[in-house]
Each structure stands twice: as C-alpha cells, then as structure tokens.
Amino acid sequence: MSPRVTRLLVVGGASLALLAALAGPASAGPGMPPPPEGRTCPKGYTQIVNYTSWAGAATDDGGILREYWEIVGVGCFKRTSKTQAKVRFTWGSSRLYEAAFTYQLLDCSTGRVPRSLDRHLNYPRGTRSGGGKAAATFLLNSKHKYRLRILGTGVYDRRPFVHGGDGLHGYFRGPNGPRGVKPWFSQTSCK
C-alpha cells in the first residue's frame, strides 16, 4: 500500500503534507481515505457523503489543520415512483457544540428548493452524543427531475488523540468555508 495524504497543515500560506499509510480502496477520491465502515445506503439508493472539516484558525492565511472523516454526513436518495422519493440522512462525529444540517431536494426543472422538500436538523445547544439521523418521503411533480443536496455547518469536539491539534475545536461549513478546505456540501445528479 502506498501512503496517501490524509490531512494538510497550512501555516501562513505554506503547505506541509502529512502522510499516513492507510489500507483501503482508493475509490473515495484522490488522496482521500475510504469512508468509514457501516455508512452505506440501502440497496437501490444513490449515496452522497460529506467528510471534510478543519481545526485551527478559520482564515484564508491562518493555520488550518485539514481533517477527513472526523464528521461525516451520508445522504441516501431513491425515487420510488414518478411522484415520490425517499431520503435518508445520517451524521456522525464526536459531540457537537452547535450545528445545523440540511437535506433537501432541488427541483432540477426550476432550479429551486420548494419548502415542502427542505428539511433541517438544528442543534443550537449542541449534542451529548455523536450522531443523528432523519428520513423523509417527499411528494414530487411527476414531470420534473430532482437532486438530493446535503450540507451543514458547525463546531464539534475533536478527539485529541485522533489527528493531533490538541485543544482545537473542529469546524465544518457548507459552501462558505475557508479556502483550501472542501465545503461540507454534496449533491446527487438529477433523477
């Protein structure tokens, strides 16, 4: 097995790749470890996964310790008929200090997310446990196609022994995170 980059330390604009040898398939993307075991959708569902976060200063030129798989979200989408779809969403990490997750169906024909297809899991006071889940059945316009989107933002308690950065909180953010960190946002193709 060859070593793969599992985290990136950015200090004042300079990058230092920290390598670790990890076993597993390379299907998770270039330089990415495989998804944690047990986080797969039921047969017939399309799966999307969010997995990136960071610790340290949340600035473009500050010190950022980029992390993978410390907080993971999995979205599962299946169109069960022309007028119905089933969606499952799960997240897992250590304890949250505060967070908000969204799972929604975007109408590909209009480019909008109707209110009836938009769901949220909000944790303004955090959580004691390290995971949550939700499921919904959505009614759809039979003439339109839809895509599942999952996104989130928040602060979580990092396990100090996992990847270094002792004493730092972990952060994850949707489309507006710091430069160099993949947003905590994923979407399926239109179905």
Of the residues in the range 132-152, those that are crowded, with 16+ Cβ neighbours inside 10 Å and among the β-branched types (Val, Ile, Thr) come to Ile150
Does any residue of the range 135-150 turn out to be more than 16 Å from Lys86 (Cα to Cα) and among the β-branched types (Val, Ile, Thr)?
-> no
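Return yes or no: is Phe101 out of contact with any Lys or Arg (no Cβ under 7 Å at 6 or more places or on another chain) and either in a loop (DSSP other than H, G, I, E, B) or under 24 Å from Ser53 (Cβ atoms) (or both)? Working first, answer last.
Numbers: out of contact with any Lys or Arg (no Cβ under 7 Å at 6 or more places or on another chain): yes; either in a loop (DSSP other than H, G, I, E, B) or under 24 Å from Ser53 (Cβ atoms) (or both): yes.
Criteria met by Phe101.
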Residue among Ala85, Ala135 that alone is over 18 Å from Trp54 (Cα atoms), small (Gly, Ala, Ser) and touching a residue at least 60 places away in the same chain (Cβ under 8 Å) = Ala85
Can you find a residue in the range 153-171 that is in contact with a Gly (Cβ under 7 Å, 6 or more places away or on another chain), crowded, with 21+ Cβ neighbours inside 10 Å, modelled with pLDDT under 95 and not in a loop (DSSP other than H, G, I, E, B)?
-> yes
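Determine if the range 104-117 includes at least one residue that is at pLDDT below 95, in a strand (DSSP E or B) and either in contact with a helix residue (DSSP H, G or I) (Cβ under 7 Å, 6 or more places away or on another chain) or closer than 20 Å to Pro175 by Cα (or both).
Here is the first cut: in the range 104-117, the ones at pLDDT below 95 are none.
Checked the range 104-117: no residue is at pLDDT below 95, in a strand (DSSP E or B) and either in contact with a helix residue (DSSP H, G or I) (Cβ under 7 Å, 6 or more places away or on another chain) or closer than 20 Å to Pro175 by Cα (or both).
Regarding the range 54-66, can at least one residue be identified that is surrounded by 19 or more Cβ atoms within 10 Å (Cβ to Cβ), modelled with pLDDT under 90 and among the hydroxyl-bearing types (Ser, Thr, Tyr)? Break it down stepwise before answering.
Step one: filter the range 54-66 for residues surrounded by 19 or more Cβ atoms within 10 Å (Cβ to Cβ), giving 54-56, 64-66.
Next cut, modelled with pLDDT under 90 only: 54-56, 64-66.
Filter once more, so that each one left must be among the hydroxyl-bearing types (Ser, Thr, Tyr): none.
No, that holds for no residue.
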With criteria (1) in contact with a helix residue (DSSP H, G or I) (Cβ under 8 Å, 6 or more places away or on another chain); (2) closer than 19 Å to Ser189 by Cβ, Phe89 comes up short on (1)
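The values are calculated or read from the model by the stated rules, or taken from the named source; none is laboratory data. Everything numeric here is computed off the predicted structure, so don't read it as measured data. Note that we place each Cβ from the backbone using ideal geometry, even for glycine, and neighbour counts take in every protein chain shown.
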